[in-house]
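The values are calculated or read from the model by the stated rules, or taken from the named source; none is laboratory data. Given the structure is predicted, the values throughout are model-derived calculations rather than measurements. Ideal geometry is used to build each Cβ from the backbone, glycine not excepted, and the neighbour counts take in all protein chains shown.
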Amino acid sequence: MKMRQGIPLNDQDRIPWLCSLHDILLRDGASGQRVVLACSALKKAYRDILLRGKGDAPPKCDEPGKEGKLAEVTLLVVYLSGSFEVISGRLRKRKGHFMPPELLQSQFDTLEPPSAPENFIQVSVDRGLSEIIAVIMEALQ
Ligand SMILES: Nc1ncnc2c1ncn2[C@@H]1O[C@H](COP(=O)(O)OP(=O)(O)O)[C@@H](O)[C@H]1O
Ligand SMILES: O=C(O)[C@H](O)[C@@H](O)[C@H](O)[C@H](O)COP(=O)(O)O
């Protein structure tokens with residue numbers, strides 16, 4: 001696998017995966033489920049695919065919804081923000097994960113933090129886990 005070898009993923013690697021995730025959100029949302037998806041989705045274009053799919057990406061996630069429009073899911077993006085130093089320190093302590101911490105810089109380089117009109121909240125990863133969960137639960141009420 002590329003990441004294990006220290007090679008960052010690119011759009012071609014990520015887009016089919018994001019399309020599959022959109023399909024799952026659409027399917028589970030249609031059956032009335034509320035879904036929590038942990039996903040890197042670094043660029044705005046990636047989050048747009050989660051939301052609407054991608055019209056020119058056959059065979060997945062190009063199914064038109066009603067009135068010929070791409071089917072959109074209801075999505076709240078929870079942007080877990082943190083400094084390079086904090087996240088890098090945590091990754092270096094992490095054991096048995098495929099991602100080498102050296103790839104973190106490429107992810108920071110690629111990151112486009114969510115901004116209006118995206119539907120999002122920002123929560124700092126400096127906060128403790130139970131506090132982060134409480135903030136997210138509050139936003140979902
Ligand atoms: N709020 C937090 N406070 C302290 N440590 C955290 C927090 N969130 C995550 N971590 C640590 O940082 C590591 C990387 O975080 P993350 O990428 O979210 O988790 P995972 O390793 O499950 O993908 C985790 O394995 C965990 O040890
Ligand atoms: O916990 C982590 O270390 C990351 O979430 C890691 O799993 C990575 O982000 C994904 O594999 C997707 O890769 P990209 O961020 O390069 O799309």
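Descriptive notes on the structure:
- When PRO114 is tested against (1) touching a residue at least 24 places away in the same chain (Cβ under 8 Å); (2) surrounded by 15 or more Cβ atoms within 10 Å (Cβ to Cβ); (3) more than 26 Å from VAL73 (Cα to Cα), only condition (3) is not met.
- Residue pairs meeting the criteria (Cβ under 8 Å; at least 6 apart or on separate chains; first modelled with pLDDT under 95, in the stretch 19-38; second surrounded by fewer than 15 Cβ atoms within 10 Å (Cβ to Cβ) and of a type in the set (Ser, Thr, Tyr)): GLY29/THR74
- Only a single item in (1) exposed (fewer than 15 other Cβ atoms within 10 Å of the Cβ); (2) in contact with a strand residue (DSSP E or B) (Cβ under 9 Å, 6 or more places away or on another chain) is not met by ALA41, and it is number (1).
- Those residues of the stretch 77-105 which are closer than 26 Å to ALA134 by Cβ, near ligand 2 (Cβ under 9 Å from one of its atoms) and either at pLDDT below 95 or loosely packed, with under 13 Cβ neighbours inside 10 Å (or both), in sequence order: ARG94
- Residue-level analysis places PHE108 outside the set of residues that are loosely packed, with under 12 Cβ neighbours inside 10 Å and either over 22 Å from ILE133 (Cβ atoms) or at pLDDT below 95 (or both).
- Number of positions in the stretch 111-141 that are touching a helix residue (DSSP H, G or I) at 6+ places or on another chain (Cβ under 7 Å) and modelled with pLDDT under 95: 0
- Filter pass, LEU140 being aliphatic (A, V, I, L, M) and within 15 Å of ligand 1 (Cβ to nearest atom): no
- Selection within the stretch 106-141 - more than 13 Å from GLY82 (Cα to Cα) and within 16 Å of ligand 2 (Cβ to nearest atom): SER106, ASP109, THR110, GLU112, PRO114, LEU129
- Filter pass, ALA45 being hydrophobic (A, V, I, L, M, F, W, C), at pLDDT below 95 and more than 16 Å from ligand 1 (Cβ to nearest atom): no
- Those residues of the stretch 1-28 which are closer than 13 Å to ALA41 by Cβ and charged (D, E, K, R), in sequence order: ASP11, ARG14
- The sole residue among ILE132, ILE121 that is within 12 Å of ligand 1 (Cβ to nearest atom) and surrounded by 13 or more Cβ atoms within 10 Å (Cβ to Cβ) is ILE132.
- In the stretch 79-108, the residues that are under 30 Å from ALA139 (Cα atoms) and in a loop (DSSP other than H, G, I, E, B) reach residues that are within 10 Å of ligand 1 (Cβ to nearest atom) and modelled with pLDDT of 95 or more with C-beta atoms within less than 6 angstrom, at least six apart or across chains, in these pairs: GLY82/VAL125.
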